[in-house]
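Notes follow the structure.
Taken together, the values in this text are just the output of simple stated rules run on the coordinates, not laboratory data. What you see is a predicted model, and the numbers here were worked out from it, not measured in a lab. Neighbour counts run over all protein chains shown; Cβ positions are idealised from the backbone, glycine included.
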Amino acid sequence: MPTVSMTVNGKQVSGEVEGRTLLVEFLRENLRLTGTHVGCDTSQCGACVVHIDGNSAKSCSMLAIQANGTKVTTIEGLANGDELHPMQAAFKEHHGLQCGFCTPGMVMSAVDLVKKKPKASEHEIREWLEGNICRCTGYHNIVKAIQHAQQTM
Amino acid sequence: MAAYLRPKRLEDALATMAEPGWVVLAGGTDHFPARVTHTPDEAILDVTALSELKGIDRMADGGLRLGAGVTWTEVIEAALPPACDGLKAAAREVGGVQIQNRGTIGGNLCNASPAADGVPPLLSLDAEVELASASGTRRLPLGRFILGNRHTARRSNELLVAVHLPAPALEATGRFLKLGARRYLVISIVMVAGTLSRTADGTIVAARLAVGACSAAAVRLPALEAALIGRPVTEAAAALQPSHLDLLRPIDDGRADAPYRRHAAATLVRRCLNELARAA
């Protein structure tokens with residue numbers, strides 16, 4: 001089996017994977033980083049969003065081996081010990097979640113947005129989130145949380 | 001277990017493709033969703049490390065070369081002439097941000113979905129595709145590359161390496177309109193892309209209109225294009241006749257029925273021409 005190695009949340013990791021192992025499977029099953037969720041398996045819902053070399057991507061739609069040599073950040077890599085990342089804190093404060101299933105991907109997309117477009121308008125935030133589907137909140141509080149994090153990040 | 005290769009040199013990729021059975025993988029945004037319920041034991045050739053497939057470059061003759069591995073995000077962020085405004089608009093309609101970050105122009109063309117957002121704007125820019133194999137390269141107009149639903153002229157030993165936009169088509173204004181059942185993250189019911197080239201006094205000298213998702217492969221509208229030549233740009237939309245859309249072959253499916261698609265195509269063509277007339 002091929003060996004893959006990458007930096008995940010600042011730590012060098014490697015593992016042997018069957019060649020068709022998806023990145024999300026490697027993260028969840030090999031590394032036991034189960035914060036990254038699988039919602040649809042078909043690259044639509046966005047629950048599996050992680051950052052690869054600083055860009056958000058859907059980890060259900062690439063092979064683990066395609067991430068070889070990259071820097072991957074998952075939801076587990078955001079907080080600083082017990083201190084939440086400003087985006088996580090904003091989601092908590094504004095109640096930007098209900099069941100929480102979409103939340104890891106939502107937060108990872110939102111962090112990428114604030115890094116790329118720090119002054120995004122409400123409309124631009126909603127457009128950016130088109131690849132992240134939430135079935136509970138109606139997005140209203142998610143958008144409010146991101147607007148708050150624009151000030152705190 | 002089947003092989004996985006990610007060559008760094010084009011000649012190595014082409015030598016690999018000379019053997020049968022390799023599946024080419026780039027952004028993977030169509031590849032993986034098609035393999036959720038079954039994972040075939042296929043050999044994968046990952047082309048994302050090939051530098052020949054990267055970058056958007058202005059050529060000596062004034063044309064543009066887009067590497068087949070250029071992502072939709074790279075199209076959105078590139079400094080491109082106004083003729084490419086329709087292509088950029090289409091790039092923003094391909095999935096969400098994460099799909100735009102991974103999905104490539106070449107993948108969109110080779111996947112050959114009738115509803116591929118990239119195809120009508122590239123048709124309206126007179127795009128040609130560059131295909132390479134171990135025995136040489138050839139170029140084809142995009143309209144002769146995509147032959148039908150999931151069907152292209154690419155031979156199994158050929159790799160799509162670049163899309164070329166010739167200089168004359170870049171001396172134009174471009175637009176892209178898409179109709180889906182909702183605003184975001186939606187598969188198209190109808191798409192229309194167009195570019196118009198005009199004289200300083202607003203006379204149309206070249207028109208390139210393309211309609212997607214209304215036939216097995218997106219098509220140009222040659223009868224309408226001919227009718228537009230010589231007209232003032234402000235009267236472009238008035239030139240549209242129902243017969244100009246006779247070559248469309250829309251189907252009934254879960255997204256829309258054929259008469260609706262035909263009606264919507266006429267509406268979007270008219271809107272596209274009106275928007276092009278207003279563009280400076």
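Over all distinct Cα-Cα pairs of region B:95-241, the Kirkwood formula returns a hydrodynamic radius of 16.3 Å. In terms of distances greater than 29 angstrom between alpha carbons, the cross-link table entries A:115/B:8; A:71/A:117; A:92/A:115; A:58/A:116; A:116/A:144; B:54/B:88 yield A:115/B:8. Dividing the radius of gyration of the alpha carbons in region B:171-220 by their Kirkwood radius gives 1.11 for Rg/Rh. With 20 Å bins beginning at zero, the pair-distance distribution over Cα atoms of the protein assembly as shown amounts to 25, 54, 21, 1 %. In order along region B:262-269, phi translates into HN-Hα couplings of 4, 4, 5, 4, 4, 4, 5, 4 Hz, rounded to whole numbers, per the Karplus curve 6.51 cos²θ - 1.76 cosθ + 1.60 with θ = phi - 60° and x for Gly and Pro. Counting Lys and Arg as +1 and Asp and Glu as -1 over every other residue whose Cβ lies under 10 Å from the Cβ of residue B:212, the net charge comes to 0. Find the relative contact order for chain B and round it to a whole percent, using C-alpha pairs within less than 8 Å whose residues are 6+ positions apart. Taking the mean separation of contacting Cα pairs over the length of chain B, I get 16 percent.
Once Rh is set to the Kirkwood radius over Cα pairs, what Stokes-Einstein translational diffusion coefficient, in µm²/s, holds for chain B at a temperature of 25 °C and a viscosity of 0.890 mPa s? Translational diffusion coefficient: 128 µm²/s.
Partner aspartates and glutamates whose Cα lies under 19 Å from the Cα of residue A:119, excluding those fewer than 8 positions away in the same chain, are identified as A:127, A:130, B:77. For chain A, the alpha carbon convex hull comes to 98 Å³ per residue, rounded to a whole number.
Remark: the Cα gyration tensor places region B:13-91 in the oblate category, a/c being 1.5 or greater and a/b not exceeding b/c.
Each label point was placed 7 Å from the Cα along the Cα-to-Cβ direction; for residue A:98 and residue B:279 their separation is 4.2 nm. For trypsin sites (Lys or Arg not before Pro), the sites in region A:1-100 that DSSP calls loop and that have at most 14 other Cβ atoms within 10 Å are A:32. Take the Kirkwood radius over Cα pairs of region A:3-77, plug it into Stokes-Einstein at 20 °C and 1.002 mPa s, and you get 181 µm²/s for translational diffusion.
Two tests apply to each whole DSSP H helix in chain A, Cα reach of 15 Å or more along its axis and mean Kyte-Doolittle hydropathy of at least -1.0, and the ones passing both are A:103-116, A:140-152. Spin-label pair residue A:13-residue A:119: with each label point 7 Å from Cα along the Cα-Cβ axis, the two points sit 3.8 nm from one another. The overall shape of region B:173-279 is prolate: from the C-alpha gyration tensor, with semi-axes ordered a ≥ b ≥ c, the ratio a/c is 1.5 or greater and a/b exceeds b/c. Shape annotation for region A:86-152: C-alpha extents along the principal axes are 28, 22, 17 Å, from largest to smallest.
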